[in-house]
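The values are calculated or read from the model by the stated rules, or taken from the named source; none is laboratory data. Given the structure is predicted, the values throughout are model-derived calculations rather than measurements. When we count neighbours, we look across all protein chains shown, and the Cβ atoms used for this are built from the backbone with ideal geometry, even at glycine. Ligands, DNA and RNA are stripped out before the accessible areas are found, and what is left, the full protein with its side chains, is counted by its heavy atoms. Shrake-Rupley method; radii C 1.70, N 1.55, O 1.52, S 1.80 Å.
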Amino acid sequence: MNILLALDSIKDFENSIEIANYFKDELEKYEKTNHVEILPFLDGGRGTVEIMKEVIGGDFSYVNVHNPQNEASTARYVIKNNFCVMEMAEACGLRLLDKDTLDIMKSSSIGLGEMIVDGFNNGCEKFFIGVGDTATNDMGMGMLYALGVRFYDKNLNSLTPIAKNMIKVNSIDMSGLDKRIFNVDIELATSQPLTLFEKNSFLEKRPIRKGASKEEIEKLEVACKHFSKKVSEALGVGHIDFPYLGAGGGVCWALYIFFRAQISNSMELILSLVDFKEEVKDQDIMILTENVDEFNGENSINLAKFAKRYNKDIRVIFLQDVDYQRIEKNNIIDQIYEFSIDENINREDYDKEIRKIARSLIEDSFAIF
């Protein structure tokens, strides 16, 4: 029996590859197992840097940045030759802040811009940036500030690049923009097909996760629309809005409208890098999991569709965390296996619990093989 593992992080611990390695250790003990392969599960958020390093190699580079609340922090990214892989969450992530310190109106994406500038300084010409799991909602205002763009109110007072100041922007000065950005290629990876202000807007649910109240969300919507209008006027372009531009609190929109960054679905990129068609053809089982609260398990469902396109006999098992929204039953996923793990589990006991889930899966589901 050959098994392919594509597991997202569970309860925000570890990354896709580390989780899968726990499972692999247990699955390889099963007498009917021939081979266990790990497919990195990439959604653009937490773990992007580690996962991509496993795929492409390279070395870690560290840089001092400002986190979403303007506190000093250290972020890391991967460099291989003139190519770098960055994760927005390294500088702007929810995990950098305690829940009681979240303040979306004072949040800024400046840390991402500081990482990009450091990439320039290290000779990077191709940037791959995972966008997800952020605590910011400033339409990329902070990121643009770090790159040299300046924002002013109607009295020509310089504005600090935080979300609540978007509504005050009256003029924009791009004369100080770091021109090196026009000589690089930027590819953004996200699994979040969020628009700006259309259906599935990034303002519908994401700000709540980032600590916003109902009143703040209403203010953010007005501020974001105002900021979008001012930036579009300064660039001499019309309003642009389509899926994925709302990811990262609007950072994808800023990088696209200013620098025509390319936007890719995270998992599709991984599939192209690992030659998924070849990877899946001899597999008997594919085991998937992700937080279904994030877009109804779209990544897992799409991955299962791809798998069955290339191997119609593969059996797909989805691991369902009972604490999260349930994935909808469909004819693509053959089995939904429920598990439970304490939300407040400590890191020391985490691997034991993951291994226990793997053993239970073997006992309950593998007898048919």
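Counting only alpha carbon atoms, the long axis of helix 110-121 and the longest principal axis of the chain meet at about 90°. Once the Cβ-Cβ distance of residue 239 and residue 329 is raised to the sixth power relative to R0 = 22 Å, the FRET efficiency obtained is 0.05. Solvent-accessible area of the range 48-266 (1.4 angstrom probe, protein heavy atoms only): carbon and sulfur portion equals 46 percent. Rounded to the nearest 5, what % of DSSP beta bridges with both residues in the range 125-284 are antiparallel? Once the DSSP bridges in the range 125-284 are tallied, antiparallel ones form about 30 percent.
Measuring from a point 7 Å past the Cα of residue 71 along Cα-to-C-beta, which residues in the range 120-145 have an amide N at less than 16 Å? Residues 135-136 fall inside that zone.
Taking all protein chains as shown and a probe of 1.4 angstrom, residue 218 keeps an accessible surface of around 100 Å². Accessible-area rank, largest first, for 87, 328: 328, 87, with all protein chains present and a 1.4 angstrom probe. Within the same chain, lysines fewer than 8 places from residue 219 are excluded, and of the rest, those with a Cα less than 26 Å from its Cα are 99, 106, 154, 164, 168, 199, 205, 210, 229, 230. Inter-label distance, residue 167 to residue 275: 5.6 nm, where each label sits 7 Å from its Cα along the C-beta direction. In the chain, which cysteines lack any other cysteine Cβ under 4.7 Å from their own? Lone cysteines by the Cβ rule: 92, 224, 252.
Ranked by solvent-accessible area (1.4 Å probe, protein heavy atoms only, all chains present), the residues 138, 282 order from largest to smallest as 282, 138.
Using a simple spin-label model with pseudo-atoms 7 Å out from Cα toward Cβ, residue 356 and residue 1 lie 2.2 nm apart. Residue 179 exposes around 110 Å² of accessible area when a 1.4 Å probe is run over every protein chain in place.
The residues of the range 48-266 expose, per residue, 41 Å² of accessible area to a 1.4 Å probe.
Hey, which of these cross-link pairs are over 20 Å Cα-Cα: 277/356; 29/356; 126/277; 53/308? From the list (277/356; 29/356; 126/277; 53/308), the Cα-Cα distance tops 20 Å for 277/356; 126/277; 53/308. For the chain, the longest principal axis of the Cα atoms and the long axis of helix 347-365 meet at an angle of about 50 degrees. Applying 1/(1 + (r/R0)^6) with r as the Cβ-Cβ distance of residue 126 and residue 95 and R0 = 35 angstrom yields a FRET efficiency of 0.85. Surface calculation, 1.4 Å probe, protein heavy atoms: residue 62 sits at approximately 140 Å² accessible. Taking the inverse of the mean reciprocal distance over all distinct Cα pairs, the Kirkwood hydrodynamic radius of the chain comes to 21.4 Å. Between 70, 121, 170, the Gaussian network model of the chain with springs among Cα atoms under 10 angstrom shows the greatest mean-square fluctuation at 121. Extension gain for residue 322 to residue 55 (0.36 nm times residue separation, less C-alpha to C-alpha distance): 93.0 nm.
Which order do 334, 321 take by accessible area at a 1.4 Å probe, largest first?
334, 321
In percent, rounded to a whole number, the relative contact order of the chain is 17, using alpha-carbon pairs under 8 Å and six or more apart. In this label model, residue 178 and residue 204 are separated by 3.5 nm, measuring between points 7 Å along each Cα→Cβ vector. The mean sequence separation of alpha-carbon pairs under 8 Å and at least six residues apart, normalised by the residue count of the range 48-266, gives a relative contact order of 20 percent.
Counting DSSP beta bridges in the chain, what percent are antiparallel, to the nearest 5?
So the antiparallel bridges in the chain amount to around 35 percent.
Taken as Cα centroids, the range 80-100 and the range 190-226 sit 20 Å apart, rounded to the nearest whole angstrom. Computed from Cα positions, the angle between helix 214-235 and the longest principal axis of the chain comes to roughly 60 degrees.
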